[in-house]
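Bear in mind these aren't lab numbers, they're just calculated from the coordinates by the rules spelled out. What you are looking at is a predicted structure, and each value in this text was computed from that prediction instead of being measured. Positions of Cβ are generated from backbone atoms using ideal geometry, with glycine treated the same way; all protein chains shown enter the neighbour counts.
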Amino acid sequence: MGHPDEQPEVYESTSLLPLAPRLQRPLLLIHGMVDDNVVVAHSLRLSSALLAAGKPHTVLPLTGVTHMTPQEVVAENLKLLQVDFLRTALAASPAPHD
């Protein structure tokens, strides 16, 4: 995507922030706190937008984890958590349109 200072239009056109009010199902945001690819502030801004829109979501910060966890046990447990979240979220009825 390039650097946001050099290509702000790319970041604006792909931003999820304007879509937050249209979320219909719960969302799980997982972010490694030392991610060297995506800054944690972006996930927190999305969480703030979802909260302001009254949309259900969960934020799971992973301490000491970058973009991908190298710890096999953590990765396995994370996958189990994701599967459980999807089972629950997909079983729920979509929220009515505002």
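For every residue, the table says whether it meets (1) farther than 24 Å from Ala91 by Cα; (2) among the β-branched types (Val, Ile, Thr); (3) in contact with a helix residue (DSSP H, G or I) (Cβ under 9 Å, 6 or more places away or on another chain).
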{"position": "Leu27", "(1), (2), (3)": "no, no, yes"}
{"position": "Asp36", "(1), (2), (3)": "yes, no, no"}
{"position": "Ala41", "(1), (2), (3)": "yes, no, no"}
{"position": "Leu62", "(1), (2), (3)": "yes, no, yes"}
{"position": "Pro70", "(1), (2), (3)": "yes, no, no"}
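Take the residues in segment 1-21 that are of a type in the set (A, V, I, L, M, F, W, C) and part of a loop (DSSP other than H, G, I, E, B), then tell me which one is surrounded by the fewest Cβ atoms within 10 Å (Cβ to Cβ). This residue is Met1. For His31, state whether it is assigned to a strand (DSSP E or B) and under 29 Å from Met1 (Cα atoms). Spelling it out, His31 is indeed assigned to a strand (DSSP E or B) and under 29 Å from Met1 (Cα atoms).
Between residues in segment 49-63 that are more than 12 Å from Leu17 (Cβ to Cβ) and residues that are in a strand (DSSP E or B) and hydrophobic (A, V, I, L, M, F, W, C), which pairs lie under 6 Å by C-beta distance while being six or more apart or on different chains? From segment 49-63, the pairs are His57/Leu27; Thr58/Leu28; Val59/Leu29; Leu60/Ile30.
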